[in-house]
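S.K.: One structure is given below, represented as structure tokens, and several questions about it will come after.
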Amino acid sequence: MAVELTEAGRKARAAYLREYRKRNKERLKDNATTHWNKVGAQMEAEEAAKKGEKQEGTSTGGASDEQNSH
């Protein structure tokens, strides 16, 4: 549920955020670094889980096929 701002409200928010970014460059940089490190770690974990599922699925499927053929 987005709240629409008036033109004056948008200008005021933009001015405030410009000043905030000027005063807090290091804080913003640290927050961005932390965020993207976390996203990268989540992506690596998901890829590892997918690889693990594929390996488990193929080894389990292959063993059951051997048992069924004898």
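S.K.: From the list 45, 2, 49, exactly one residue is small (Gly, Ala, Ser), within 21 Å of the chain's Cα centre (by Cα) and either at pLDDT below 95 or open to solvent by 100 Å² or more (accessible area, probe 1.4 Å) (or both). Which is it?
M.R.: The conditions single out 49.
S.K.: Can you go through 32, 15 and tell me which one is at pLDDT 90 or above and within 23 Å of the chain's Cα centre (by Cα)?
M.R.: Being at pLDDT 90 or above and within 23 Å of the chain's Cα centre (by Cα) holds for just one of 32, 15, which is 32.
The values are calculated or read from the model by the stated rules, or taken from the named source; none is laboratory data. Treat the numbers as computed from the prediction; the structure is a model and nothing was measured. Ligands, DNA and RNA are stripped out before the accessible areas are found, and what is left, the full protein with its side chains, is counted by its heavy atoms. Shrake-Rupley method; radii C 1.70, N 1.55, O 1.52, S 1.80 Å.
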